[in-house]
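None of the figures in this text is laboratory data; all of them are computed from the coordinates on show. Predicted, not measured: the structure shown is a model, and the values here were computed from it. Here the Cβ positions follow ideal geometry from the backbone for every residue, glycine too, while neighbour counts run over all protein chains shown.
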Amino acid sequence: MQLLKQDQEPEIEVITPPYQWATSTIAKVYNLDHLLSHNITTITGTVQCKKCKEKYEMEYNFEEKFHEVERFIGENFHNMHGRATESWSKPLLPTCNTCGPGNSMKPVITKKRKINWLFLVLGQMIGCVTVAHLKFFCKHTNNLRSVAKDRLILSDLFGFI
């Protein structure tokens, strides 16, 4: 454990951004205004079928999906009581185009440093990450870490929106 002097800031590791919407700081993405001003209109991510293992690139219209998530939070915030909804904790996944079963296309997550957080939030698939992934995210975004996954999910979402 590294102890910091009172006026010393924690060291921030600079990385090569894994996506054009990601910053050079681990687990941070640019805000809405920055992304739109840089003509980032599509957010993509890789998903893989849990049954046949086929991989696909999915894409979202950034502005449309952002407003969909924003609207969902606005409509449901008063019922959330500080926790993520069931639909975020246990998301309904897309259908596989190859073998056909619904709820089968899970986002591909290989390394914690390269998690496509914005894709997960916009696709409302943030529940696909583990508690370890969420704790990693919280560590690098200076969010308070708690034990309950549904609470971590909710706090993480507000970092983006």
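In the structure shown, the pairs 90/149; 90/139; 114/139 are assessed against 18 Å; a Cα-Cα span above that value is assigned to 90/139. Taking 25 Å as the limit for the C-alpha separation, the pairs 55/135; 51/135; 53/112 exceed it in the case of 55/135; 51/135. With Cβ to Cβ distances under 13 Å as the rule, what net charge do the other residues near residue 98 carry (K, R +1; D, E -1)? Net charge in that neighbourhood comes out at +3. About its Cα centre, the stretch 32-160 has a charge dipole of approximately 920 debye under the convention of +1 per Lys or Arg Cβ and -1 per Asp or Glu Cβ, with nothing else charged. From the square roots a ≥ b ≥ c of the eigenvalues of the alpha-carbon gyration tensor of the stretch 32-160, which class results: rounded (a/c under 1.5), prolate (a/b over b/c), or oblate? Here the stretch 32-160 falls in the rounded category. The phi torsions of the stretch 24-29, fed into the Karplus equation with coefficients 6.51, -1.76 and 1.60 and a -60° offset, translate into couplings of 7, 10, 3, 6, 10, 10 Hz, rounded to whole numbers, with Gly and Pro shown as x.
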